[in-house]
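Report on the structure given below.
The values are calculated or read from the model by the stated rules, or taken from the named source; none is laboratory data. Since the structure is predicted, the reported quantities are computational estimates derived from the model, not experimental observations. All Cβ positions, glycine included, derive from the backbone under ideal geometry; neighbour counts span all protein chains shown. In case anyone asks, the SASA skips ligands and DNA or RNA and just uses the protein heavy atoms, side chains included. Shrake-Rupley method; radii C 1.70, N 1.55, O 1.52, S 1.80 Å.
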Amino acid sequence: MLFRSKTLIRRTMSKNTQADALAKQVVDKMMQEDRFSQWLGIEVLEVREGMSRIQMTIRSEMVNGFGIVHGGVTFALADSAFAFACNNRNDLSVALDTSINFTKQVLVGDQLTATATELHNGKSTGLYQITIHNQHQQLVAQFKGLCYRDRKSTRLNSSHTDISRMPSSA
């Protein structure tokens, strides 16, 4: 029985490793073509199947007339984390519904980290929770996203993001 357990663990680890490698490859390709996330200064910190963690620093051009970050900037960071998490199985996914709650003001110089966690991975939809923390580990916003998956379309094999055009990792 112990041998079967170790074999099952190895198979599960191998599958997870392969899925995580695909997830990273998909997000790397998405980030190459995502001009808005690049403009925001987003750095991808971690990607696993159904999960992403990204970071950015707030710049002076991102604040509103009250001297605090425009809510759309925080929303955009969360939306990018959402996109990277729900698309990283290489199935084209688009947002169906999103919402955000702001819990603390964000100022110039703050470093924000958004972590997207998959709550549900269904046949055609996925549900994600994204938390955004500042450099002091304080929760500044909570985002929820529901996506629709078109399992017939893929990120890496579509004409826009053809995997054959990707640089080799070797």
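With the condition kept exactly as written, say whether any residue in region 73-90 is at pLDDT below 95 and either over 11 Å from the mean Cα position of the chain (by Cα) or over 30 Å from Q18 (Cα atoms) (or both).
Yes: region 73-90 contains one or more residues that are at pLDDT below 95 and either over 11 Å from the mean Cα position of the chain (by Cα) or over 30 Å from Q18 (Cα atoms) (or both).
Applying the selection to region 109-135, what residues are touching an Asp or Glu at 6+ places or on another chain (Cβ under 9 Å) and farther than 22 Å from A23 by Cβ?
N134, Q135
Which of the residues that make up region 33-74 are under 20 Å from S93 (Cα atoms) and of a type in the set (K, R)?
Within region 33-74, R35, R48, R53 meet the criteria.
Condition check ((1) over 16 Å from D28 (Cα atoms); (2) in contact with a helix residue (DSSP H, G or I) (Cβ under 8 Å, 6 or more places away or on another chain); (3) crowded, with 17+ Cβ neighbours inside 10 Å) across all residues:
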{"position": "E43", "(1), (2), (3)": "no, no, no"}
{"position": "E49", "(1), (2), (3)": "no, yes, yes"}
{"position": "I54", "(1), (2), (3)": "no, yes, yes"}
{"position": "T57", "(1), (2), (3)": "yes, no, no"}
{"position": "S60", "(1), (2), (3)": "yes, no, no"}
{"position": "G67", "(1), (2), (3)": "yes, no, no"}
{"position": "F75", "(1), (2), (3)": "yes, no, yes"}
{"position": "D91", "(1), (2), (3)": "no, no, yes"}
{"position": "K104", "(1), (2), (3)": "yes, no, no"}
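What number of residues within region 118-166 satisfy the criterion of being modelled with pLDDT of 95 or more, of a type outside the set (G, A, S) and touching a helix residue (DSSP H, G or I) at 6+ places or on another chain (Cβ under 8 Å)?
7
Using the structure shown, decide if V108 is at pLDDT below 95, β-branched (V, I, T), open to solvent by 30 Å² or more (accessible area, probe 1.4 Å) and not in a helix (DSSP H, G or I).
no
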